[in-house]
Amino acid sequence: MARTIETAIQKRFCDIDPFQHVNNVAQQSYFDGGKVDYYERILGAEVLLGDLRIVTVSTSTSYMGQVRMHDDVRVTTTCERIGTKSLTLFQQLLVGGEVRSESRSVMVVFDFPRQRSEAVPDLWRERLTAE
């Protein structure tokens, strides 16, 4: 069973539209913040700074409800699937425990010096599946 990480989100003034809603583009940046927190806590900071990193190749987001200016926003992140060279993250943006949007992202392990995709390292697999 994969671990789920919950990340508190700090909204910025620029995230809010004239109707006091959080813009959909800002919501995507909240998901990105959840990814960074997930990588640091589950895989270790080296996946953000090392030669072997994770890059996004596909993202799909569904919006189910409004996120407003004064809402307490949290993002949950879990690894839904681990393939040979990729992994799929599933995230939910929550307000008061209610899902307001969901996102699935396919991430590929990428060797930056060699400029090519690589297999998911065994150590990463262990960390992603540890309870």
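For the chain, the relative contact order works out to 30 percent when only alpha carbon pairs closer than 8 Å and six or more residues apart are counted. Using a Förster distance of 25 angstrom, determine the FRET efficiency expected from the C-beta separation of R116 and T56, and round it to 0.05. It comes to 0.90. Each Lys or Arg adds one and each Asp or Glu takes one away; over the other residues whose Cβ falls under 14 Å from the Cβ of L43, this sums to +1. Peptides 109-116, 84-91, ordered by how many other C-beta atoms sit within 10 Å of their residues on average, highest first, read 84-91, 109-116. Per q in 0.10, 0.13, 0.15 Å⁻¹, report the Debye log10 I(q)/I(0) for the chain, using one uniform scatterer on each alpha carbon and no solvent. Per q value, in the given order, log10 I(q)/I(0) is -0.34, -0.55, -0.71.
Rounded to the nearest 500, the helix-only mean residue ellipticity at 222 nm of the chain stands at -6000 deg cm²/dmol, with each DSSP H run of n ≥ 4 adding -39,500 (n - 2.57).
A short reminder: the numbers here are calculations on the coordinates, not readings from a lab. Not measured: the values here are computed from a predicted model. Don't worry about glycine lacking a Cβ; one is built from the backbone with ideal geometry, like all the others, and counts go over all protein chains shown.
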